[in-house]
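**Q** Okay, handing you the structure first.
The values are calculated or read from the model by the stated rules, or taken from the named source; none is laboratory data. All values reported here derive from a predicted model rather than from experimental measurement. Please note: Cβ atoms are built from the backbone with ideal geometry, for glycine as well, and neighbour counts cover all protein chains shown.
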Amino acid sequence: MTVSWLSVKRPRRGVGKPSRAVTMAAMAAVCGLLGAGLTACGDDDSSAAGGSEVVMLTHDSFELPESVYEAFTEETGLTLKVIKSGDAGALASTISLTPGKPKADVVFGIDNTFASRPIENGALEPYKSPAAVDGASAYAVADSNNELTAVTRGDVCLNLDDSWFEKHDMTPPKSFRDLTDAKYANLSALLDPGTSSPGMAFLLTTVNADPRGWQEYWKKMVANKATIVSGWEIAYNQLFSAGEGRGQKPIVLSYASSPAATPGTSALLDSCFGQVEYVGILKGAKNVDGARKVVDFMLSQTVQRELPSSMYVYPVQKGTPLPDGWQQRAPVPAWTIKIPPAVIAKNREQWLQQWRDAVGR
């Protein structure tokens with residue numbers, strides 16, 4: 001029996017659109033129902049074959065309109081297949097553990113909190129896109145060899161459901177430090193920094209704010225019944241009271257730009273960590289030429305102008321227009337926390353272990 005690729009609709013930071021994408025978990029489930037191995041469902045090496053198809057591995061929150069895929073095919077003569085595989089943190093770990101043996105040609109969604117890992121593990125091929133001079137190069141990973149090319153930028157911040165606080169006649173927090181107050185007990189949905197890139201970003205925010213006492217902050221958060229989940233999709237779309245699932249948590253870790261998609265919400269701008277998402281060619285890719293075309297295409301106006309409305313992040317290329325009123329609804333924070341990827345890489349495992357000890361994981 002032949003199984004076609006599934007089309008999965010997954011919202012990104014508040015809004016979702018159909019795309020030709022597939023999650024590995026969904027594919028495995030279908031294969032299980034059919035009594036077939038993953039090879040029968042296209043998860044063997046042939047999925048990354050060269051020729052007329054190029055395969056991109058990305059995180060679960062990736063979303064672009066179908067017209068973008070059509071434009072890529074018209075421009076290059078190639079079909080772009082998108083495979084979704086967990087959160088950005090899990091994505092970085094997956095490719096870092098399999099250097100030279102990829103299940104795709106190109107990867108999108110590794111961010112600056114995880115960038116050093118796949119570079120140091122030799123999982124990426126250097127490539128400098130000619131289009132990067134128009135803005136992307138300003139966000140290049142320091143001391144690298146162009147293994148990753150910036151595509152989006154955003155700011156990871158706590159978000160508030162202002163309507164919830166108004167309905168409950170309750171004063172919302174003014175700072176991320178306020179969340180340890182007993183009156184905000186059981187109201188926060190946060191992310192595991194070991195599996196989630198936004199989760200790692202917020203961990204870095206707390207480390208930067210109090211290098212000696214950040215572990216106490218997390219102990220207090222756990223004592224105050226903060227919920228910690230594996231990824232953004234669960235936190236925002238299931239637990240957040242203003243998300244699609246209309247959950248019970250009026251405080252969630254998301255992005256400064258998320259309120260542009262979700263009326264009645266706002267961001268705590270003192271909690272923001274500057275995040276950059278990258279695209280890179282996987283070492284051992286079967287369609288290297290196609291992968292380079294994908295990198296170039298991700299910097300084109302065709303893609304860049306769709307990023308704010310499709311994924312609620314800012315484009316990196318200069319002169320890219322934003323949706324009307326977008327900057328007013330999703331203002332850029334006056335300042336964000338920035339820590340060099342090399343510093344993050346040097347301390348990540350220690351910080352993660354200290355975090356696990358603090359939260360009891």
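**Q** Being touching a helix residue (DSSP H, G or I) at 6+ places or on another chain (Cβ under 7 Å), of a type in the set (Gly, Ala, Ser) and without any contact (Cβ under 8 Å) to a residue 40 or more places away in the chain is the filter here, so list the residues in the stretch 204-248 that pass it.
**A** Gly245 - this is the single residue of the stretch 204-248 that is touching a helix residue (DSSP H, G or I) at 6+ places or on another chain (Cβ under 7 Å), of a type in the set (Gly, Ala, Ser) and without any contact (Cβ under 8 Å) to a residue 40 or more places away in the chain.
**Q** Based on this model, can you work out whether Asn186 counts as on the phi > 0 side of the Ramachandran plot and either among the β-branched types (Val, Ile, Thr) or not assigned by TED's automatic domain parsing to the domain that holds Ser309 (or both)?
**A** yes
**Q** Looking for something modelled with pLDDT of 95 or more and farther than 25 Å from Ser266 by Cα - is there at least one such residue anywhere in the stretch 332-341?
**A** Filtering the stretch 332-341 down to residues modelled with pLDDT of 95 or more leaves none.
No, every residue in the stretch 332-341 fails to be modelled with pLDDT of 95 or more and farther than 25 Å from Ser266 by Cα.
**Q** Just to be sure before I move on: is Val229 at pLDDT 95 or above, closer than 29 Å to Leu91 by Cα, assigned by TED's automatic domain parsing to the domain that holds Thr265 and in contact with an Asp or Glu (Cβ under 8 Å, 6 or more places away or on another chain) in the structure I sent?
**A** Yes: the conditions hold for Val229.
**Q** So is Val332 farther than 30 Å from Lys219 by Cβ and either within 21 Å of the chain's Cα centre (by Cα) or part of a loop (DSSP other than H, G, I, E, B) (or both) or not?
**A** Criteria met by Val332.
**Q** So, of the residues in the stretch 150-194 that are among the β-branched types (Val, Ile, Thr) and out of contact with any strand residue (DSSP E or B) (no Cβ under 9 Å at 6 or more places or on another chain), which turns out to be surrounded by the fewest Cβ atoms within 10 Å (Cβ to Cβ)?
**A** Thr171
**Q** Considering the stretch 60-76 alone, what residues qualify as being under 17 Å from Val106 (Cβ atoms) and without any contact (Cβ under 8 Å) to a residue 60 or more places away in the chain?
**A** Matches in the stretch 60-76: Tyr69, Thr73.
**Q** Which condition does Ser257 not pass, out of (1) out of contact with any Leu (no Cβ under 6 Å at 6 or more places or on another chain); (2) more than 21 Å from Pro172 (Cβ to Cβ); (3) of a type in the set (Ser, Thr, Tyr), if it passes all the others?
**A** Evaluating Ser257 over (1) out of contact with any Leu (no Cβ under 6 Å at 6 or more places or on another chain); (2) more than 21 Å from Pro172 (Cβ to Cβ); (3) of a type in the set (Ser, Thr, Tyr) leaves (2) as the failure.
**Q** Looking only at residues in the stretch 86-128 that are charged (D, E, K, R) and touching a Phe, Trp or Tyr at 6+ places or on another chain (Cβ under 9 Å), which one is nearest to Ile281 (Cα to Cα)?
**A** Asp111
**Q** Looking at the stretch 310-361, which of the residues that are buried (at least 17 other Cβ atoms within 10 Å of the Cβ) and of a type in the set (Gly, Ala, Ser) is nearest to Ser129 (Cα to Cα)?
**A** Looking at residues that are buried (at least 17 other Cβ atoms within 10 Å of the Cβ) and of a type in the set (Gly, Ala, Ser), I get Ser310.
**Q** The conditions are (1) of a type outside the set (Lys, Arg); (2) within 21 Å of Leu124 (Cα to Cα); (3) touching a strand residue (DSSP E or B) at 6+ places or on another chain (Cβ under 7 Å); (4) at pLDDT below 95, and Met56 fails exactly one of them. Which is it?
**A** With respect to (1) of a type outside the set (Lys, Arg); (2) within 21 Å of Leu124 (Cα to Cα); (3) touching a strand residue (DSSP E or B) at 6+ places or on another chain (Cβ under 7 Å); (4) at pLDDT below 95, Met56 is out only on (4).
**Q** Related question: Looking only at the stretch 131-142, count how many residues are assigned to a helix (DSSP H, G or I) and either touching a helix residue (DSSP H, G or I) at 6+ places or on another chain (Cβ under 7 Å) or aromatic (Phe, Trp, Tyr) (or both).
**A** 2
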